[in-house]
Amino acid sequence: MRHIRQYSLLLLLSFSVLLLKGQKVDSLLKVLNSYKKEDVLKLCLLNSIAREYQYSDIKLGLQYSDSAIVLGKKINDRTNLAIAYMIKGQSLTAYGNPTEALVLIQTALDEFEAFENKRDIAYCLASMGDIYLRLSDPNKALGYYSKSLALSEQVANKKGMAVAYSNSGTAYRALSNRPKALEAYQKAAALSERNGEPIKAAVALSGIGGVYSDMGDYTSAISYIQKSMKVNEQYGVSRYLYNDLTQLGIIYTQIRNFKESLEYHFKALLMARSFGTKDSINNLSNIAANYTELKQYDEAEKYYLRAVKTAEQTGTPGDAVLLNNFGFLYYELSQFSKAWAMFQKGLAIAQKDQNKSAMGLLQLSMGEWCGDAPDSVLIEVGIDPATRYATTLTYLNNGRQLSEEAGHGINQRFAWQDLSLAHERNHEYAKALKAFKRYIFIRDSLVNGQNEKKIAQLIMQYEFDKQSDSLKLQERLTAQKLEKQVLLATQQQQEIQLGKNRLELINKEKDLQHLAFLSTQSSLENEQLEKQGKIKQLALSENEKQLQAARVRSLTQEKTLSELKRQQQFIYLLIGLGLISFIILYLFYKARLQRVHLKNQIASEKMLQEQKESEFQRQLGDISLSALRSQMNPHFIFNCLNSIKLYTAQNNTAAASEYLTKFSKLIRLVLDNSRTDKITLTSELDALRLYMDMEAMRFKEKLRYHIKVDDNVDAGYIEIPPMLLQPYVENAIWHGLMHKEEGGKIDINIGLEQNETILVINITDDGIGREKSALLKSKTATKHKSYGTKVTSERLALINSVYKTGADVTIHDIFDNTGLPSGTRVIIKIPIE
């Protein structure tokens, strides 16, 4: 019987980075973009933005830290320059580069000590502790945390005290001192809640959950971790949410739910990529260990090699548990020499770190190895085969004792199980029975039906609370949107009224100008009348001077003629202005008609486009529903229930239970996958394996299959439309293999082409071929109806036409050397990003 290994000893994460109380990063960026001076204020803005990005995008935060350091040197502001060094050091610690971080934090610490700034000295000391925790030196880290706590207490800095308590809990957990770890985490959570810092409180709650997980109390562990996840999801703190997902993955591994564990670990890896950190060595190791338990050794080795490569690239010290798990993989593959070398290297690291939990784990692995290794390999490593039993007991007892000292229940369970097997092999059955009873007692105390029920209830309650919070958030957002619309409408009404007021004012000004013009014209007319009266008086007084009178009349006539010409010109001017005004009004009216026509045309095209999109969504929904119906058709469900009934009638409860378990999992996967447009290739293959396992059981192993995924295909990352492969596999079984008395085999090969931009899926069967299948189908009265391939083809065609993706499906007949049909091959090509 295989052993479950502890896939990660601890998540040694640093929690000393502080949240900025004030504006969010978007507001700070707006202020920074509008601020042009290079002074102390800009330096503070850069530091604040860099600190904010520690929780969302560490890589981008490092860029702002570099800008702050350049500006701090330029303006010679030593205090804020030291803060910039500290923030960058904290970010590098979280990013997995503790060596460079150590230099920056020490530089900042020297500056703060020169200024006797106790508050920032305390923060620097906490950051130093974080670095040594990353460097696997928890004792030294604990010393820095203690100094940080003492200084924070001196200056009454409760926030600094909360940070020191939280990180001390992590150090105590690394030293397997669980009572001290729980006490420190609880103090940190209480202080953070009183300080109004929910994210720091969530960090402490996550730490408490981790301690309970180490103790084997998984229901309590999940409860605390879910509380932490709720806060981190609310505030969008992806770095801490990543930690919670990883811890849940470890817990599901401990209770042997390896597929659930893989889901959490893959989610954590995707989240790590989104905020810029490198793949977690611990995460990759856990994924590999789960694949080992599932006997998918190629996948396990691939992820172990990625973990080792990441450790080499980041300069991270060796991980004893990673080496143990890698060695256990070689042990499973019967590569005993490689396994022993890994165990020896891991034990040396664990002894150097004084990590009793890891030492116990490795001693147990070495004891199990001694019991199974060939004599030639024992001699090769310096062990006399005659002392195999004694050497095995020595390693197993050492591992058991170290696990008891570390308080690690899981490893104690493995120790007693291995001891029972060792005594049984040596025919010491009384000792074997005693050890086996002890194993059963510890196993039942760690995981039992009641605990599993509580865990399931916790998960269901968490999902319900999450949906409830989402609905409440949506209601708040809707209310806020309505308030904004009402405010916008009010503002528009005010602007309209203001426009009306301005128009009235303009009209009044025009009226005043017109009155002034009329007054001026009246004055001119009065002056003209007065002038004419004077002319008449002058004519009457000089009647005797006929010549002068004639000249006066001549001048008057000329003046009148001139005035008539001016009036004529004025009339022509008015006519010209009228024509010009008419032309302008006509052009304006014509332009307005064109704008209205264009606006109506745009509205019509928009409405047509919306109708097309609506029709597309309806067609896609119909095809998706048809795909779901075809995948879970009543004929298949009826056959499954008949198979379960047959197993029950035969009193084969184990087969009935296994078949019913696979059937329920398949239904849940199909329903879950049908809710989204795309799912990961891993999820699609999991559903396909369940379907084919059930068909193989139902047809008495007449069906054999093999699924191969190339090394360059990241099945947990690539996404494809759901329910894509099953219809083609179903056709291969019913129309190709079931007509063969001896059954047949289906091979599924998955790879990449064209510079890894095209995902190629080959589904090959060795059935009777399409032509013979059609002939048999036409002769029989009972016809298996399967519309899955047709619906899948229609769905791909619809997606191709709208999104221009270029997905393609082709089907080929296979012939043997004599030209007879020997199977069918389906080739599916899907472009990937």
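For this structure, a couple of remarks:
- Heavy-atom surface analysis with a 1.4 Å probe gives region 338-450 a carbon and sulfur content of 54 percent of its accessible area.
- Residues Glu380 and Thr757, FRET efficiency given R0 of 60 Å [Cβ-Cβ distance, rounded to 0.05]: 0.80
- Among Trp734, Trp369, the sequence by solvent-accessible area, most first, with a 1.4 Å probe is Trp734, Trp369.
- Extending 7 Å from the Cα toward the beta-carbon at both Leu555 and Ser146 defines two label points whose distance is 12.3 nm.
- One decimal place: the segment Phe115-Tyr35 gains 25.9 nm when fully extended, by the rule 0.36 nm per residue minus the C-alpha distance.
- Per residue, the accessible area of region 256-392 comes to 40 Å² when a 1.4 Å probe rolls over the protein heavy atoms.
- Label-point gap, in nm, between Ser657 and Tyr389 - each point 7 angstrom along Cα→Cβ: 3.4
- At most 15 other Cβ within 10 Å, DSSP loop - GluC sites (Glu not before Pro), region 666-702: Glu701
- Added length on full extension, which subtracts the Cα-Cα distance from 0.36 nm per residue, Thr648 to Leu671: 5.6 nm
- What region 53-94 shows is 38 Å² of accessible area per residue, with the surface traced by a 1.4 Å probe over protein heavy atoms.
- For Leu333 and Tyr429, the difference between the fully extended length at 0.36 nm per residue and the C-alpha to C-alpha distance is 31.6 nm.
- Label-point gap, in nm, between Gln186 and Ala603 - each point 7 angstrom along Cα→Cβ: 6.9
- Trypsin sites (Lys or Arg not before Pro) within region 23-57, DSSP loop, no more than 14 other Cβ atoms inside 10 Å: Lys24, Lys36, Lys37
- Looking at region 701-762, the trypsin sites (Lys or Arg not before Pro) that sit in a DSSP loop and have at most 15 other Cβ atoms within 10 Å of their own Cβ are Lys740.
- Annotation: for a label point projected 7 angstrom from Cα along Cα→Cβ of Gln354, residues of region 144-158 with backbone N closer than 20 Å are 144-148.
- For region 548-573, backbone nitrogen atoms closer than 17 Å to the point 7 Å from Lys536 Cα along Cα-to-C-beta are found at 553, 556-557.
The values are calculated or read from the model by the stated rules, or taken from the named source; none is laboratory data. Treat the numbers as computed from the prediction; the structure is a model and nothing was measured. Neighbour counts run over all protein chains shown; Cβ positions are idealised from the backbone, glycine included. Accessible surface areas use protein heavy atoms only, side chains included; no ligands, DNA or RNA. Shrake-Rupley method; radii C 1.70, N 1.55, O 1.52, S 1.80 Å.
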